[in-house]
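Below is one structure, written out as C-alpha cells; comments come after it.
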Amino acid sequence: MAANGAKPMTPEQEMEQAKRLAERYRCEFVDLKSARIDSELFKSIPVDLMFRYNFVPLAATNGELEIALADPRHLNLIDELSILLRKKL
C-alpha cells in the first residue's frame, strides 16, 4: 500500500495519468522508452540539473531546447530552468 493508504498504481495507470496530465497542460506526451535521445545533447546538460528538475533534453535547435518533463504543472521551475540553461524551452 502507498503511504496514503491507497493501492500503488500499476505502470499502465501511471502512463494513463501522465497522458492526461500532458493533455491538460497542452503538452506533447513523450514515452521515454521509445524516444530518441541525442547523447551529445544529453552530455551537454549538467546531470544534477536533470535530477533536480526531473527533465530529459530531447532536441536543441536555434537556441531553443526541447525537454521532456516529469510534471508540467510547475511552470515556475520551467522558467528557472530556462534561465539556468540560457535557452528558451
query = Between Met9 and Ser39, what FRET efficiency follows from the Cβ-Cβ distance if R0 is 30 Å, with the result rounded to 0.05?
reply = 0.45
query = Anyone know which of Lys43, Lys33, Lys19 comes out most mobile in the 10 Å Cα GNM of the chain?
reply = Lys33
message = Under 5 Å between amide hydrogens, which residues at least 5 positions from Ala60 or on another chain qualify, with H placed 1.01 Å from N in the peptide plane?
response = Glu66
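Hey, any idea what Rg/Rh is for the stretch 30-85, computing Rh the Kirkwood way over Cα pairs?
On the Cα set of the stretch 30-85, Rg over Rh gives 0.93.
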The chain: calculated mean residue ellipticity at 222 nm from DSSP helix runs of at least 4, using -39500 (n - 2.57) = -12500 deg cm²/dmol
key: Interatomic Cα distance distribution for the stretch 1-70, bins of 10 angstrom, percent   = 16, 41, 32, 10, 2
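None of the figures in this text is laboratory data; all of them are computed from the coordinates on show. All values derive from a computational prediction rather than experimental measurement. No Cβ is skipped: glycine too gets one built from the backbone with ideal geometry, and neighbour counts run over all protein chains shown.
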